[in-house]
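See structure below.
Nothing in this text is a laboratory measurement; each read-out follows from the coordinates by a stated rule. Remember, it's a predicted structure, so these values are computed and weren't measured experimentally. Methodologically, a virtual Cβ is constructed for each residue, glycine included, from the backbone with ideal geometry; neighbour enumeration extends over all protein chains shown.
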Amino acid sequence: MNISDVISDVIAGIRWIYSNIAIIISMTTAIGAFWKLRKQRELAITLQEKQEKAQKELETYKNELAQQNEKIKHLNEMQMANYTLFAQKKSEACIALFVALNQALECLSSSANLFHQDNTFRDFDESDTRNFLDEIGLTHGKKEELLTLWKNDSTVAIKKLQYLQRRNRDIKAVNAIMGAATIFRRSQLYLTQTLVNDIKCFIDDCASFAYEIKMNNELMEREIFDQPGEVTDRPKKMNALWDRMDKIAVELKEELKNCES
C-alpha cells in the first residue's frame with residue numbers, strides 16, 4: 001500500500017467520523033450516563049449499607065449503655081440501702097452504748113456514794129427482812145441462816161444486812177459495767193478508733209474503781225480499815241469519771257450526726 005492509499009483511508013475515516021459525530025457523541029454520552037448511574041447506585045447501596053450498619057451499631061451501643069445504666073443504678077441502690085442500713089445500725093449502737101455506759105456509771109456512783117439513805121433495818125420485822133433478802137436475790141440457805149440470826153441476835157443481823165445492802169450495790173455496779181463492756185465490744189465496728197480507745201480506757205477505769213470499792217467494803221465488813229484516803233477520795237474519782245462520760249457523750253453525739261448526714 002502506497003502513501004496515497006493510506007492518506008485516502010485516513011481521509012475516509014475522518015469523513016466517517018465527521019458524518020457520524022452526533023451518533024458517537026450520543027453513544028459516549030449514554031455510556032457516560034450509564035456509568036455515572038451505575039456508580040451512583042453503587043454509592044447509594046454502599047451508603048445504605050453503612051447507614052444500616054451504623055444504625056445497628058448504634059442500637060447495640062444504646063442497649064449496652066442501657067444495661068450498664070441499669071447495673072449502675074442497681075449498684076447505687078444497693079450501696080444506698082447498705083449505707084442506710086449501716087447508718088441505722090450505727091445509730092442504734094451509739095444510743096445503746098450511751099445508755100449502757102450511763103447506767104453503769106449511775107450504778108457505780110451509787111456504789112461509791114458515802115451518804116446513802118440506807119435502810120437501818122431497826123424497824124424491820126421478820127417479814128420485812130425476808131422481802132429484802134428476796135429483793136437482793138440471796139440464796140435460800142443464806143436467807144434462812146440470816147433469818148435465824150435475826151431471831152437470835154438482831155444487832156449482829158442488822159450489821160450483816162447493812163453489809164449485804166452495800167454488797168448488792170457493788171454487784172449491781174459490776175454487772176452494769178460488764179454489760180456496758182459487752183455492748184461496747186459489739187459496737188466497735190461503728191466507732192472511730194479514737195472513740196474505741198477512749199471508751200475502752202473508760203470502762204477499764206470504771207471496773208477498777210468498782211473492784212476497789214467492793215474490796216474496801218469487804219475489808220470494812222471484817223473490820224479491817226484501809227487507808228483513810230481510800231474512802232474519802234471516792235467523790236473526786238467519781239466526778240472525774242462523770243467528766244469523762246460527758247466527753248464521750250459529745251463524741252457519740254457527733255457519731256449520730258454523721259449517721260444523719
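List the lysines whose Cα sits under 24 Å from the Cα of K56, skipping any in the same chain fewer than 8 residues away.
Candidates past the 8-residue exclusion: K71.
Please give the net charge around A240, taking every other residue with its beta carbon less than 12 angstrom from that of A240, where Lys and Arg add +1 and Asp and Glu add -1.
+1
Which one of N239, A180, Q165 has its Cα pushed farthest toward the positive end of the charge dipole of the range 88-260, where Lys and Arg give +1 and Asp and Glu give -1 at the Cβ?
The listed residue farthest towards the positive side: A180.
Excluding residues fewer than 8 places away in the same chain, name every one of the lysines whose C-alpha is closer than 23 Å to that of K172.
Cα-Cα hits under 23 Å: K142, K143, K159, K160, K200, K214, K236, K237.
Just the number: Rg to Rh for the range 88-260, Cα atoms, Kirkwood Rh, two decimals.
1.08
Grab the beta carbon distance between C201 and S154, set R0 = 51 Å, and tell me the FRET efficiency rounded to 0.05.
With a Förster radius of 51 Å, E is 0.65.
Do you know the relative contact order of the range 88-260, to the nearest whole percent, from alpha carbon pairs under 8 angstrom that are 6+ apart?
Computed over the range 88-260, the figure is 39 percent.
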